[in-house]
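Take a look at the structure set out below.
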Amino acid sequence: MNCTHILSCASSKVGYGRIIGSGRLRLLSSKSKLKQNAEVSPTNSQLKIVALRYGIPMIGFGFIDNLVMITAGDLIDQQFGVTLGLSTLTAAGLGQCVSDVSGCLSGGLVDGLCSKLKIPHHHLTEKQLDMRISRVYRTVGCW
């Protein structure tokens, strides 16, 4: 089949066609072209691995974040709360700030520890990872 790449001036859409008979152009179905370029949907086991690979680091980060927040908030409350007249809620807020800074600094540590867990790889392409179902599983894994 001799296919010719065509550009429709009216709609500015690119399509494919075949020259038949006396130079007439027969348009091919755009659906058939879309099916050729379509990416295969990820399997259920691949989606479960995506959720694990995105979720496990969040558990580690959450543990570190809460541990630092509670410890720092309690320390600030005991050491500076009475001296400076800070309320417990203010000390907790300052503990949260300390926790946020430590979270930014410990992100590489958490990722390094998670890479040692030998979680299987999902073997998905960038297009498959960008599919809606993959994004949903990434979000569910982090939830």
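Observations on the structure shown:
- Flag if residue 28 is at pLDDT below 85 and surrounded by 12 or more Cβ atoms within 10 Å (Cβ to Cβ): yes
- Being of a type in the set (A, V, I, L, M, F, W, C) and touching an Asp or Glu at 6+ places or on another chain (Cβ under 6 Å) holds for only one residue in 91, 72, 51, and it is 91.
- Checklist (1) free of Cβ contacts under 8 Å to residues at least 60 places away in the same chain; (2) within 14 Å of residue 53 (Cβ to Cβ); (3) open to solvent by 60 Å² or more (accessible area, probe 1.4 Å) applied to residue 71, failing item: (2)
- Test result for residue 95, within 30 Å of the chain's Cα centre (by Cα) and surrounded by fewer than 18 Cβ atoms within 10 Å (Cβ to Cβ): no
- Residue within the range 5-16 that is open to solvent by 50 Å² or more (accessible area, probe 1.4 Å) and modelled with pLDDT of 90 or more present: no
- From the list 85, 55, 60, 81, the one residue that fits, being small (Gly, Ala, Ser), on the phi > 0 side of the Ramachandran plot and open to solvent by less than 90 Å² (accessible area, probe 1.4 Å), is 85.
- Yes/no for residue 128 being among the polar types (S, T, N, Q), within 22 Å of the chain's Cα centre (by Cα) and not in a loop (DSSP other than H, G, I, E, B): yes
- Screening residue 101 with (1) over 22 Å from residue 61 (Cα atoms); (2) open to solvent by 80 Å² or more (accessible area, probe 1.4 Å); (3) not hydroxyl-bearing (Ser, Thr, Tyr) gives one miss only, at (1).
Table: residues versus (1) outside any helix (DSSP H, G or I); (2) within 31 Å of the chain's Cα centre (by Cα); (3) within 14 Å of residue 142 (Cβ to Cβ); (4) modelled with pLDDT under 90.
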{"position": "57", "(1), (2), (3), (4)": "no, yes, yes, yes"}
{"position": "62", "(1), (2), (3), (4)": "no, yes, yes, yes"}
{"position": "72", "(1), (2), (3), (4)": "no, yes, no, no"}
{"position": "77", "(1), (2), (3), (4)": "no, no, no, no"}
{"position": "81", "(1), (2), (3), (4)": "no, no, no, yes"}
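- Residues of the range 110-124 satisfying the condition of being in contact (Cβ under 8 Å) with a residue 12 or more places away in the chain and in a helix (DSSP H, G or I): 110, 111, 113, 114
The values are calculated or read from the model by the stated rules, or taken from the named source; none is laboratory data. Note that the structure is predicted; figures quoted are calculated from it, not measured. As a convention, Cβ positions derive from the backbone with ideal geometry for all residues, glycine included, and neighbour counts pool all protein chains shown. Quick note on the areas: whole protein, heavy atoms, side chains included, nothing else; ligands and nucleic acids left out. Shrake-Rupley method; radii C 1.70, N 1.55, O 1.52, S 1.80 Å.
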